[in-house]
1. Taking the residues in the range 117-163 that are touching a Gly at 6+ places or on another chain (Cβ under 8 Å) and surrounded by fewer than 16 Cβ atoms within 10 Å (Cβ to Cβ) as candidates, determine which candidate is farthest from Arg76 (Cα to Cα).
2. Taking the residues in the range 1-22 that are assigned to a loop (DSSP other than H, G, I, E, B) and in contact with a helix residue (DSSP H, G or I) (Cβ under 9 Å, 6 or more places away or on another chain) as candidates, determine which candidate is surrounded by the fewest Cβ atoms within 10 Å (Cβ to Cβ).
3. Tell me, yes or no, whether the range 90-101 has at least one residue that is over 22 Å from Ala158 (Cβ atoms) and outside any strand (DSSP E or B).
4. Could you tell me which numbered condition Ile102 fails, if it satisfies all but one of (1) more than 16 Å from the chain's Cα centre (by Cα); (2) crowded, with 19+ Cβ neighbours inside 10 Å?
5. Would you please name the residue that is surrounded by the fewest Cβ atoms within 10 Å (Cβ to Cβ), looking only at residues in the range 58-75 that are in contact with a His (Cβ under 9 Å, 6 or more places away or on another chain) and part of a loop (DSSP other than H, G, I, E, B)?
6. Examine the range 31-43 for a residue that is over 14 Å from the mean Cα position of the chain (by Cα), closer than 19 Å to Ile116 by Cβ and of a type in the set (A, V, I, L, M, F, W, C), and state whether such a residue exists.
7. Only residues that are part of a loop (DSSP other than H, G, I, E, B) and either free of Cβ contacts under 8 Å to residues at least 12 places away in the same chain or β-branched (Val, Ile, Thr) (or both): list them for the range 76-85, please.
8. Residues Ala114, Ala48: which one is surrounded by 14 or more Cβ atoms within 10 Å (Cβ to Cβ), aliphatic (A, V, I, L, M) and over 19 Å from Val154 (Cβ atoms)?
Amino acid sequence: MRRVVVIGNGGGGKSTLSRRLGSQLACTCVEIDAVLWQPGWKLTPVEAYEAEHARLISEQRWIIDGLGRRESIPQRLSRATDIVLVDMPLWMHFWLTAERQIQWATGNLEHPPAGIAKMPRTEALFRTIWEVDKTWMPEIRSLAAMEEERGKRVFRLAAVSELEHFALPA
């Protein structure tokens with residue numbers, strides 16, 4: 001059974017890639033942000049998030065994309081069979097996030113993050129992307145490397161072109 005984690009900083013195209021991989025594998029995708037966030041960008045209580053995260057990763061077949069709570073990442077990576085690390089330069093995450101914000105503001109965004117209708121503030125998104133790049137991504141890279149040493153397949157995508165053409169090998 002395949003259990004795929006698609007992880008990386010915000011605005012990097014993880015959910016779009018996950019939906020495409022879900023079609024490729026005929027597998028349900030879970031956007032972890034939809035578990036983390038409630039309407040109005042209110043955080044789900046820790047206990048509720050942890051319970052749902054544990055339930056999701058206990059399944060035999062899934063694709064889970066996004067960051068979620070930082071402390072849940074090691075459990076998710078440990079349970080995965082494949083890890084797709086979207087690790088593009090910081091400026092590219094800013095660029096793609098700005099494009100998404102424009103689509104959202106003009107009513108042309110097909111899949112809003114976490115399925116939430118209210119557009120988040122661009123300043124807050126950029127601050128989060130900066131903080132994740134500086135504080136979360138080194139740990140995520142290290143965790144992915146450890147899982148690769150344990151025999152898991154880890155795919156590192158460092159450019160939009162790689163993201164657009166990526167398909168999981170059998």
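1. Lys118
2. The qualifying residue surrounded by the fewest Cβ atoms within 10 Å (Cβ to Cβ) is Arg2.
3. yes
4. Against the list (1) more than 16 Å from the chain's Cα centre (by Cα); (2) crowded, with 19+ Cβ neighbours inside 10 Å, Ile102 comes up short only on (2).
5. So, considering only residues that are in contact with a His (Cβ under 9 Å, 6 or more places away or on another chain) and part of a loop (DSSP other than H, G, I, E, B), the one surrounded by the fewest Cβ atoms within 10 Å (Cβ to Cβ) is Arg69.
6. Taking every residue of the range 31-43 in turn, at least one turns out to be over 14 Å from the mean Cα position of the chain (by Cα), closer than 19 Å to Ile116 by Cβ and of a type in the set (A, V, I, L, M, F, W, C).
7. Selection gives Thr81 alone.
8. Exactly one residue qualifies, and that residue is Ala114.
The values are calculated or read from the model by the stated rules, or taken from the named source; none is laboratory data. This is a predicted model, so every value here is computed, not measured. We place every Cβ from the backbone using ideal geometry, glycine too, and count neighbours over all the protein chains shown.
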